[in-house]
1. Filter segment 93-112 down to residues that are outside any helix (DSSP H, G or I) and either within 18 Å of Ile145 (Cα to Cα) or aliphatic (A, V, I, L, M) (or both), then give me how many there are.
2. Going by what's in this entry, would Thr66 be described as in contact with a strand residue (DSSP E or B) (Cβ under 9 Å, 6 or more places away or on another chain) and either at pLDDT 80 or above or within 14 Å of Ile145 (Cβ to Cβ) (or both)?
3. Restricting attention to segment 107-132, report how many residues are without any contact (Cβ under 8 Å) to a residue 40 or more places away in the chain and closer than 16 Å to Gln88 by Cβ.
4. Hey, any hits in segment 118-137 for a residue that's assigned to a strand (DSSP E or B) and either in contact with a helix residue (DSSP H, G or I) (Cβ under 6 Å, 6 or more places away or on another chain) or of a type in the set (A, V, I, L, M, F, W, C) (or both)?
5. Could you go through segment 50-57 and let me know if any residue there is in contact (Cβ under 8 Å) with a residue 40 or more places away in the chain, in a loop (DSSP other than H, G, I, E, B) and of a type in the set (Ser, Thr, Tyr).
6. So, in segment 85-98, how many residues would count as being in contact (Cβ under 8 Å) with a residue 24 or more places away in the chain and within 19 Å of His133 (Cα to Cα)?
7. With the checklist (1) surrounded by 15 or more Cβ atoms within 10 Å (Cβ to Cβ); (2) at pLDDT 75 or above; (3) over 20 Å from the mean Cα position of the chain (by Cα) in hand, flag the one item His17 doesn't pass.
8. So Leu94 passes all but one of these: (1) in contact with a strand residue (DSSP E or B) (Cβ under 8 Å, 6 or more places away or on another chain); (2) under 15 Å from Leu139 (Cα atoms); (3) of a type in the set (A, V, I, L, M). Which condition number does it fail?
Amino acid sequence: MIGKQMPNHKRVQRLMHEMGLKCTKYNRRVRKYDSSKGPNGKKAKNKLRRRFMSDRKYQKIVCDVTEFKAQNQKPVYLEIIKDLATNQILTWSLGLHPNLHFSLAPLKQLLMQLPHTGYQLTLHTDQGWQYQHKAWRHLLRKGHI
């Protein structure tokens, strides 16, 4: 701003308080989804070590859960399983709660559609509680992943 001074942030805050205005965009108390909170199971080793490039389909697959706000301000959770060679989303699941049933659904779909490749398949996830769960690890072993 040429020739004009910026108002002091305390003055802006005081005026907003007097007028009953509240900024909700930068509220630091907004809780975001954290999949590391929950019951701990067996953690897997990091086999990819940030080598996310692949030239073979179904060789390296990644999975993650994301939280979105719906129009009614309620959280909605999306879990996708993506192939790193083609950047194709193989399966996905949408739910209102990030529970075990929600996270197992796309993995079960993936196991039904995976072809026999003849090489090792690696599914890379974060260390969230649902990916450490016994049922998740059992499905991975069943699918030779």
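1. Matching residues across segment 93-112 total 2.
2. Criteria met by Thr66.
3. Looking only at that region, the number is 2.
4. Here is the first cut: in segment 118-137, the residues assigned to a strand (DSSP E or B) are 122-124.
Now restrict to residues that are either in contact with a helix residue (DSSP H, G or I) (Cβ under 6 Å, 6 or more places away or on another chain) or of a type in the set (A, V, I, L, M, F, W, C) (or both): 123.
So far as segment 118-137 goes, yes, one or more of its residues are assigned to a strand (DSSP E or B) and either in contact with a helix residue (DSSP H, G or I) (Cβ under 6 Å, 6 or more places away or on another chain) or of a type in the set (A, V, I, L, M, F, W, C) (or both).
5. No, segment 50-57 has no match at all.
6. 1
7. His17 satisfies every listed condition except (1).
8. Every condition holds for Leu94 apart from (2).
The values are calculated or read from the model by the stated rules, or taken from the named source; none is laboratory data. What you see is a predicted model, and the numbers here were worked out from it, not measured in a lab. All Cβ positions, even for glycine, are placed from backbone atoms using ideal geometry, and neighbour counts span all protein chains on display.
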